[in-house]
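Visitor: Dropping the structure in here first, questions after.
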Amino acid sequence: MKWLLRIITAVSISFVITMALVVAGFIMAMFSTMDVGVRKFGLFGAIFFEAHDQPSGATALEIGIADGTPIAVIFCVAFLFCLAVTVVLEKLKLHKKQLLQAR
């Protein structure tokens, strides 16, 4: 039960980290585009941003995911990092408990 909670927590944290990076990638792609009609890619080619001129004079924005593989890799790396931190913290707590008992 304890490991299930840790895995759920790691998945949640990894999801938040991944989505924060995706949003940051969209913002960076949006602000790096100076020309209308130019498609800019961000986050290792995973996302794109493109602005179009409409016949009415308005500007339409097109954003999306071009390739989901980099996003999945980022999620997996963040998940493994969270699990590794959890394991290390558990080992440190156990070591601290053993040192206090030996005293």
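The values are calculated or read from the model by the stated rules, or taken from the named source; none is laboratory data. Computed from a predicted structure; not experimentally measured. Glycine gets a Cβ as well: all are built from the backbone with ideal geometry, and neighbour counts include every protein chain shown. For accessibility, only protein heavy atoms count, side chains too; no ligands or nucleic acids. Shrake-Rupley method; radii C 1.70, N 1.55, O 1.52, S 1.80 Å.
Visitor: Scanning region 28-60 for residues that are assigned to a strand (DSSP E or B), within 18 Å of Ile71 (Cβ to Cβ) and among the hydrophobic types (A, V, I, L, M, F, W, C), which turns out nearest to the chain's Cα centre (by Cα)? I'd like the intermediate steps shown before the answer.
Guide: Of all residues in region 28-60, those assigned to a strand (DSSP E or B) come to 40-42, 47-53, 59-60.
Right, trim to within 18 Å of Ile71 (Cβ to Cβ) and you get 40-42, 47-49.
Filter again for among the hydrophobic types (A, V, I, L, M, F, W, C), leaving 41, 47-49.
On the way: Phe41: 16, Ile47: 12, Phe48: 16, Phe49: 18 Å.
Taking the candidates together, the pick is Ile47.
Visitor: Would it be correct to say that Gly25 is without any contact (Cβ under 8 Å) to a residue 24 or more places away in the chain and part of a strand (DSSP E or B)?
Guide: On the way: without any contact (Cβ under 8 Å) to a residue 24 or more places away in the chain: yes; part of a strand (DSSP E or B): no.
Answer is no for this residue.
Visitor: Are any residues in region 63-98 over 18 Å from Ser12 (Cβ atoms), hydrophobic (A, V, I, L, M, F, W, C) and part of a helix (DSSP H, G or I), and if so, which ones?
Guide: Within region 63-98, Val73, Val88, Leu92, Leu94 qualify.
Visitor: Residues in region 57-71 that are in contact with a helix residue (DSSP H, G or I) (Cβ under 9 Å, 6 or more places away or on another chain) and open to solvent by less than 90 Å² (accessible area, probe 1.4 Å): how many? It would help to see each step written out before you state the result.
Guide: First, the residues of region 57-71 that are in contact with a helix residue (DSSP H, G or I) (Cβ under 9 Å, 6 or more places away or on another chain): 61, 63, 65, 71.
Still in the running and open to solvent by less than 90 Å² (accessible area, probe 1.4 Å): 71.
Count: 1.
Visitor: What are the residues in region 23-56 that are among the aromatic types (Phe, Trp, Tyr), at negative phi and open to solvent by 100 Å² or more (accessible area, probe 1.4 Å), if any?
Guide: Phe31, Phe41
Visitor: Residue check, Ala20 against (1) modelled with pLDDT of 95 or more; (2) surrounded by 13 or more Cβ atoms within 10 Å (Cβ to Cβ), all met but one. Which one?
Guide: (2)
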